1. Loop only by DSSP, 12 or fewer other Cβ within 10 Å of the Cβ. Give me the GluC sites (Glu not before Pro) in the stretch 1-81 that pass, ordered by residue number.
2. Please compute, for the alpha-carbon atoms of the stretch 1-73, the extent along each of the three principal axes and give them in descending order in Å.
3. Hey, rough spin-label estimate for residue 144 and residue 131, points 7 angstrom out along Cα→Cβ, what's it come to in nanometres?
4. Within the stretch 3-224, how many Lys pairs sit with Cα atoms under 24 Å apart, leaving out pairs fewer than 8 places apart on the same chain?
5. Quick one: what Rg and Dmax do you get for the stretch 3-224 from the alpha carbons, in Å?
6. Would you work out which of 178, 123, 204 lies farthest towards the positive end of the dipole of the stretch 3-224, given +1 charges on the beta-carbon of Lys and Arg and -1 on that of Asp and Glu, about the Cα centre?
7. Say the dipole of the chain comes from +1 at the beta carbon of Lys and Arg and -1 at that of Asp and Glu; which of 4, 92, 18 then lies farthest toward its positive end?
8. Please list, by residue number, every one of the GluC sites (Glu not before Pro) in the stretch 167-209 that is coil in DSSP and has at most 16 other beta-carbon atoms within 10 Å.
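Read the figures in this text as sums done on the coordinates, not as results from a lab. These numbers come from a predicted model, not from an experiment. Here the Cβ positions follow ideal geometry from the backbone for every residue, glycine too, while neighbour counts run over all protein chains shown.
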Amino acid sequence: MERSEQLLHNWHDVTQRIHNACLQAQRDLNDVNLLAVSKTKPVTDIIALAQTGQVHFGENYLQEALDKISALPELVWHFIGPIQSNKTRPVAEHFTWVHSVDRLKIAQRLSEQRPAHLAPLNILLAVNIDREESKSGFFPEQLAATVAEILPLPNIQLRGLMTIPQAREQLSEQRSVFAEIHQLLSDLQQQFPQAQLDQLSMGMSSDLEAAIFEGATWVRIGTDLFGARDYTAKNSLKLASKIQKAD
Ligand SMILES: *Cc1c(COP(=O)(O)O)cnc(C)c1O
């Protein structure tokens with residue numbers, strides 16, 4: 001099969017899984033968005049996938065993302081990778097969403113650096129739900145105080161939470177961790193009723209169904225759309241070093 005055909009085929013499979021999960025979960029299809037995670041993949045793949053009408057794309061590595069955005073500015077770009085505090089300006093200038101805000105300082109800098117002529121930058125707070133050393137993100141008990149600090153900031157709009165749990169085999173285990181995140185969002189909604197906290201970014205290729213059952217509004221899918229990523233050979237030098245936690 002040609003590459004572009006393969007990508008269309010993958011996109012149909014993934015959207016079918018999303019439809020089926022929405023049906024089973026009795027959720028409105030319009031409330032679950034597909035974020036195509038295109039990190040390490042070429043612009044030609046993104047163009048092919050955009051033929052389906054897919055407009056939301058997620059990237060983890062800043063320089064790679066900026067190159068793609070300048071090639072395809074008409075798409076909607078989400079930053080989902082770790083952010084170094086000295087790299088916030090291009091993120092504030094070139095993205096519409098940031099899913100991976102993991103420190104108050106990052107939100108403050110994005111607020112200061114978001115150009116005034118653009119709509120507010122939509123941000124989500126990353127939650128380190130499994131309290132993993134290797135991952136960044138807030139612990140649940142830090143969220144309320146952080147939200148209180150972020151809500152008054154101009155030029156950014158806090159929209160909800162994002163998480164990348166540890167891999168779990170069983171659907172029931174996957175669901176219970178996503179349910180915890182949903183509960184954290186519900187608690188924040190109660191505490192901050194004036195805020196527009198309506199988004200949950202959770203679920204990847206291997207657990208999108210569980211995430212949809214538990215209220216995901218964004219599923220972030222890389223592998224099942226674009227195939228496995230190649231971090232070896234020429235890509236490894238550029239990318240492997242950046243997979244570590246930022247800062
Ligand atoms: C790479 C990545 C994804 C996509 O993961 P797949 O398992 O390939 O679908 C989703 N979210 C984040 C934050 C990522 O870094």
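1. Taking the stretch 1-81 and a limit of 12 other Cβ atoms within 10 Å, the loop GluC sites (Glu not before Pro) found are 2, 74.
2. 40, 29, 17
3. Label-label distance for residue 144 and residue 131, simple model: 1.8 nm.
4. 10
5. Spelled out, the Cα radius of gyration and Dmax of the stretch 3-224 are 16.8, 48 Å.
6. After comparing all options, I get 123.
7. Farthest along the dipole direction, towards plus: 92.
8. 169
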